[in-house]
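Q: The structure under discussion is supplied below as structure tokens; questions concerning it will follow.
Readers should treat all values here as calculations from the given coordinates under stated rules, not as data from a laboratory. Everything numeric here is computed off the predicted structure, so don't read it as measured data. Cβ: placed from backbone, ideal geometry, glycine included. Neighbour counts: every protein chain shown.
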Amino acid sequence: MSTIVETIREEIISGNVEESIRAVKEALQRKIPPEKILNDGLLLAMERVGSRFQEGEIFIPDVFFSARAMHESMDILRPLLAPSQSTGAGCVVIGTVLGDIHDIGKRLVGTMLEGAGFTVVDLGVEVSPDAFVKAVTEYQPHILAMASLLTTTMTNMGVTIEALTKAGLRDKVKVLIGGAPVTRGFAEEIGADGYGSDASTGVDAAKALVRKLADE
Amino acid sequence: MKEAHVEKSMRVNVEGTTQFRVLSKHQVEEIVSSAMEILERVGVQVNDEAPVKMLEERGARIEGKTLVRIPSSLVQAALQSAPSRIVLANRDGERNLVLEKNRIYFGTGSDCPNVIDPYTDALRPCLFDDVLRVSKVVDALDHIDFFMSLGLVSDVPRMTYDRHQFLAMAANTTKPLIITCVDGTGLSDQYQMACLIVGGEEKFQANPYFAVYAEPSSPLMHSKEALEKLTFAAERRIPLIYTPCPSAGATAPVTMAGILSQGLAETFSGLVISQLKREGAPFIMGGVHTVLDMRTATYSYGAPELSLLSACMTDISKTLNLPMFSTGGCSDAKVLDEQAASEAAVSLLTAGLSGANLIHDIGFLESGLLGSLDMLVLCDEVISMVKRILRGIRVTGDTLAVDVVAKVGPGGHFIGEDHTRRYLKAEHWLPRLMDRTNREAWERGEAKTLSRRVRERVIDILEHHDPPPLEKRLLSELEMVVAQADERYGVK
């Protein structure tokens, strides 16, 4: 019984997208509960991917492929899961702030968040404060994540937080920020809830924020 | 953290790799010609009767008892008969080091009197157990290919230190050795020990487990001890490294071309004696040619001239078709600091680029007085970086990757491409000790400097590396040879 779940884990850890999907489908055919596939297969696999990455044994592209395998497997499971579980670890709306067209770092964080079981809505680049507010209203995410790679556009993170407050949404969502010039000090200054110095600490911060939300 | 890419054997200055040379063909000819002129006009002092007699019989001109002027025809004949290719094997007989044009290998230096204790940081004389430690660290490092003792064992009888040292070297690593010896008898005893290890003289002859290091005395002298080693090695076909160590401005001319010419004359005269003793005897040329620092009278191990001259000698060795023993990874600094790291990086890159076969003295600090495990471990990382540069780039349809660029297009990214995963490990060098984390992560890890990370790796290897042991019975046979030598010198 457990071997197919092990196979799912192995395929996701190896970043084999097609094989992961095939294994998930086979597990479902064998009547393994979707919750078990999610928890013991997908999520456990990504936990191991995370720790192997931290240890320096695997590299960013490996994590990316594993995250993709996880994400596409999740697409199969989602309709079969209870609504409380269908967003997995939580929902994140993410985007690069107005005036900034840098995409890759933000995409990497998005992919790693998906890999950690989050549902991610990527708004792309040059996202205006209004567009962030609109997305928070529409998707009601646990977390709003903003990226900026330029010291000149960083300030738009603060502007967006003010816009959330004006729209009466500030206490409905946690704000997570990151990007090369961003520091913990800056995050505190503009009143963000969390900060990630790189993609993997960003994911850790997102998990911590979701736990905090549950406690509140 | 594991390394992504480790070469077993590397050939440089060939198609696809980075190209480098210092001397033009014409400059090499000029230096070779000057060396021959020195031998014909000035001659060398040969401080042993038998080789002088042998040289005289073959046409050398003798003045007094020891001054020998060697005609160029003898040098040319010696260059003809010496092998252009020498193989060294490890303790298990595996032929790991192929010394021929442009194949590079890295290793330690030998016989530093002092060490810094990795646990207490105390500076103290090197003991038997310290060489055991070096042996273990050498065994663990991916980019250290051969082993010289690094330390000079001082807690054993002085006249037999070399046999004790050999025991410590062979005990904790299987890597090929380069040994030093007190004199001909010291070499003979170590040869006997090596034959015990590899299973007999025939096996040693087929797959030599060590090369022996000996040196002439600059300017232009061969000591009795050096000649004993040279002739014993030639008789038994033990690979011999004969390496002048002149200092520019003191024991050799101040000019780079001048020190090269004189050093080469010393090498040529050693080569002639070895080939007269036995045609085809394996002879490795080399030398630590460097400057005497004219402020401190230090024979400098960190001088850029050392690297430049080593690269020149390597160029010459390739014209002569002789294997080359070169130098790098050494410094005049007193601890592993910024000076040590800079001098190591410059010398290892230059020696690697030059394509020298055996690049030694890795781990030397304090101008050769201090054998440092820290320096050794740092150099392992530097060599790994150097090898990435030497490997050059592969240019093929698939590595030019136009199809991948077309697939990703403007504004996309390459992280999720199979092409990226497929080529990552072959194309990107990944550090083990060099830190590329962001400041927050670095501070989270206690803001360790490179020298702290290096020391932690030293300790980790000492605590956790498990080298393949020597058989107990074999070990006691070796100890017997050492004890007999001690007895002969009347010491216990």
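Q: What nm value, rounded to one decimal, do you get for the distance between A:Glu35 and A:Ala214 when each label is placed 7 Å out toward the C-beta?
A: 1.4 nm
Q: A further question on this structure: DSSP loop trypsin sites (Lys or Arg not before Pro) in segment B:261-310 with at most 11 other Cβ atoms within 10 Å of their Cβ, which ones?
A: Sites meeting the loop and neighbour criteria: B:Arg295.
Q: Please give the per residue volume of the convex hull enclosing the alpha carbon atoms of segment B:114-230, rounded to a whole number of Å³. Don't skip to the end; give the middle numbers.
A: On the way: hull volume 15.2 nm³, N = 117.
Residue-normalised Cα hull volume stands at 130 Å³.
Q: So, in Å, what gap is there between the alpha-carbon centers of segment B:368-392 and segment B:314-355?
A: 10 Å
Q: Mind listing P(r) for segment B:119-185? All alpha-carbon pairs, 10 Å bins, whole percents.
A: 22, 51, 25, 2
Q: Rg and Dmax of segment A:123-173, Cα atoms, in Å?
A: 10.5, 29
Q: May I have the extent of the alpha carbons of segment A:1-97 along their three principal axes, as whole Å values ordered from largest to smallest?
A: Sorted largest first, the three principal extents are 40, 31, 20 Å.
Q: For segment B:28-148, compute Rh as the Kirkwood radius over C-alpha pairs and then the Stokes-Einstein diffusion coefficient at 37 °C and 0.692 mPa s; write the answer in µm²/s, rounded to an integer.
A: Roughly 175 µm²/s, to the nearest whole number.
Q: Give me the percent of DSSP beta bridges within chain B that run antiparallel, rounded to the nearest 5. Working shown, then result.
A: Details: 17 of 44 bridges.
Approximately 40 percent, going by the DSSP bridge assignments.
Q: Residues with beta-carbon under 12 Å from that of B:Arg85, excluding B:Arg85: net charge, scoring Lys, Arg +1 and Asp, Glu -1? Each step should come with its number before you reach the end.
A: On the way: positive: B:Arg95, B:Lys101, B:Arg103; negative: B:Glu100.
So the environment of B:Arg85 carries a net charge of +2.
Q: Further question: Can you give me the Cα centroid spacing of segment A:26-75 and segment A:97-131 in angstrom?
A: So the separation of the two Cα centres works out to 21 Å.
Q: Can you give the Rg/Rh ratio of segment B:355-398, where Rg is from the C-alpha atoms and Rh is the Kirkwood radius?
A: Numbers: Rg = 14.9 Å, Rh = 12.5 Å.
Ratio of gyration radius to Kirkwood radius: 1.19.
Q: Give the long-range amide H neighbours of B:Ala248: residues separated by 5 or more places, or on another chain, with amide H under 5 Å away, using H modelled in the peptide plane at 1.01 Å from N.
A: B:Thr290, B:Val291, B:Leu292
Q: Excluding residues fewer than 8 places away in the same chain, name every one of the aspartates and glutamates whose C-alpha is closer than 16 Å to that of B:Lys407.
A: Counting by Cα, and skipping residues close in sequence, B:Lys407 has these aspartates and glutamates nearby: B:Asp398, B:Glu417, B:Asp418.
Q: Along each of the three principal axes of the Cα atoms of segment B:356-492, give the extent in whole Å, ordering the values from largest to smallest.
A: Cα extents, longest axis first: 81, 39, 33 Å.
Q: My understanding is that a pair violates if its Cα-Cα distance is over 20 Å; which of B:Lys8/B:Lys387; B:Lys277/B:Lys318; B:Lys101/B:Lys387; B:Lys101/B:Lys203; B:Lys224/B:Lys277; B:Lys101/B:Lys136 do that in this structure?
A: The answer is B:Lys277/B:Lys318; B:Lys101/B:Lys203; B:Lys101/B:Lys136.
Q: Shifting gears a bit: Could you tell me what fraction of 2.2 N^0.38 Å the Cα radius of gyration of segment B:224-306 comes to, as a two-decimal ratio?
A: After normalising by residue count via 2.2 N^0.38 Å, the value is 1.22.
Q: Based on the Kirkwood radius over alpha-carbon pairs, what is the Stokes-Einstein translational diffusion coefficient of segment B:262-318 at 25 °C with 0.890 mPa s viscosity, in µm²/s? Can you show the working numbers first?
A: Details: Rh = 12.8 Å.
After rounding, the answer is 191 µm²/s.
Q: Related question: How large is log10 I(q)/I(0) at q = 0.14, 0.21, 0.26 Å⁻¹ when the Debye formula is applied to the Cα atoms of segment B:446-488, each weighted equally and without solvent?
A: Debye intensities relative to I(0), on a log10 scale: -0.59, -0.74, -0.87.
Q: A further question on this structure: Looking at chain A from every direction and averaging, what is the projected area of its Cα convex hull in nm²?
A: Numbers: hull surface 46.8 nm².
Mean projected area of the Cα convex hull: 11.7 nm².
Q: Now for a separate question. Provide the three semi-axes, in whole Å and in decreasing order, of the ellipsoid equivalent to segment A:1-58 as defined by the square roots of 5 times the Cα gyration tensor eigenvalues.
A: Computed over segment A:1-58, the values are 21, 11, 7 Å.
Q: Straight-line reach from A:Lys172: which aspartates and glutamates fall under 14 Å, measuring Cα to Cα and dropping same-chain residues less than 8 apart?
A: Reachable aspartates and glutamates: A:Glu138, A:Glu162, A:Asp193, A:Asp215, A:Glu216.
Q: So how far, in whole Å, is the C-alpha centre of segment A:172-197 from the one of segment B:87-101?
A: Here the answer is 57 Å between Cα centres.
Q: Restricting to bridges with both residues inside the protein assembly as shown, how much of the DSSP beta-bridge set is antiparallel, in percent to the nearest 5?
A: 25 percent
Q: Take every Cα-Cα distance within segment B:152-290, group them into 5 Å bins from 0 onward, and report for each bin the whole-number percent of pairs it holds.
A: Here the calculated profile for segment B:152-290 is 2, 11, 19, 20, 18, 14, 10, 5, 2, 0.
Q: Taking chain A as the reference, fit the longest principal axis to its C-alpha atoms, fit the long axis of helix A:17-29 to the helix C-alpha atoms, and give the angle between the two in degrees, 0 to 90, nearest 10.
A: Tilt relative to chain A: about 60 degrees.
Q: Right, another one. Considering only the other residues whose Cβ falls under 9 Å of the Cβ of B:Tyr209, what net charge follows from Lys and Arg at +1 and Asp and Glu at -1?
A: Residues close to B:Tyr209 contribute a combined charge of +2.
Q: Regarding chain B, what's the average projected area of the Cα-atom convex hull, expressed in nm²?
A: Details: hull surface 104.9 nm².
Computing the convex hull of the Cα atoms and averaging its projections yields 26.2 nm².
Q: So what is the 222 nm mean residue ellipticity for chain B from helices alone, if each DSSP H run of at least 4 adds -39500 (n - 2.57) and you divide by all residues, rounding to the nearest 500 deg cm²/dmol?
A: On the way: 18 runs with 229 residues, N = 492.
The per-residue figure over chain B is -14500 deg cm²/dmol.
Q: What's the percent breakdown of Cα-Cα distances in segment B:68-131 across 10 Å bins, shortest bin first?
A: 15, 24, 22, 25, 12, 3
Q: Can you tell me what the convex hull of the Cα atoms of segment B:232-387 projects to on average, as an area in nm²?
A: Here the figure is 9.2 nm², rounded to one decimal.
Q: Please report the equivalent ellipsoid semi-axes of segment A:166-216, computed as sqrt(5 x eigenvalue) of the Cα gyration tensor, largest first, in whole Å. Can you show the working numbers first?
A: Details: eigenvalues 70, 45, 12 Å².
Value: 19, 15, 8 Å, ordered largest first.
Q: Then there is this: Can you compute the radius of gyration and Dmax for segment B:387-433, using only the Cα atoms, both in Å?
A: According to the Cα coordinates of segment B:387-433, Rg and Dmax are 12.5, 36 Å.
Q: Count charges around B:Glu443 for me, please; just the other residues with Cβ under 12 Å from its Cβ, Lys/Arg as +1, Asp/Glu as -1.
A: On the way: positive: A:Arg184, B:Arg439, B:Arg444, B:Lys448; negative: B:Asp435, B:Glu440, B:Glu446.
In short, +1.
Q: Something else about it: According to the Cα gyration tensor, what semi-axes, each the square root of 5 times an eigenvalue, does the equivalent ellipsoid of segment A:78-175 have, listed from largest to smallest in whole Å?
A: Numbers: eigenvalues 110, 56, 16 Å².
Equivalent-ellipsoid dimensions as semi-axes: 23, 17, 9 Å.
Q: So which lysines pass the test for A:Lys174, namely a Cα distance under 21 Å, with those fewer than 8 places away in the same chain ruled out?
A: A:Lys106, A:Lys134, A:Lys166, A:Lys207, A:Lys212
Q: Taking every Cα atom in the protein assembly as shown, find the radius of gyration and the maximum pairwise distance Dmax, and write them in Å.
A: 32.3, 106
Q: Now a separate question. Calculate log10 I(q)/I(0) of segment B:304-387 for q = 0.12, 0.23, 0.25 Å⁻¹, where I(q) comes from the Debye formula with a single equal point scatterer on each Cα and nothing for solvent.
A: -0.31, -1.00, -1.13
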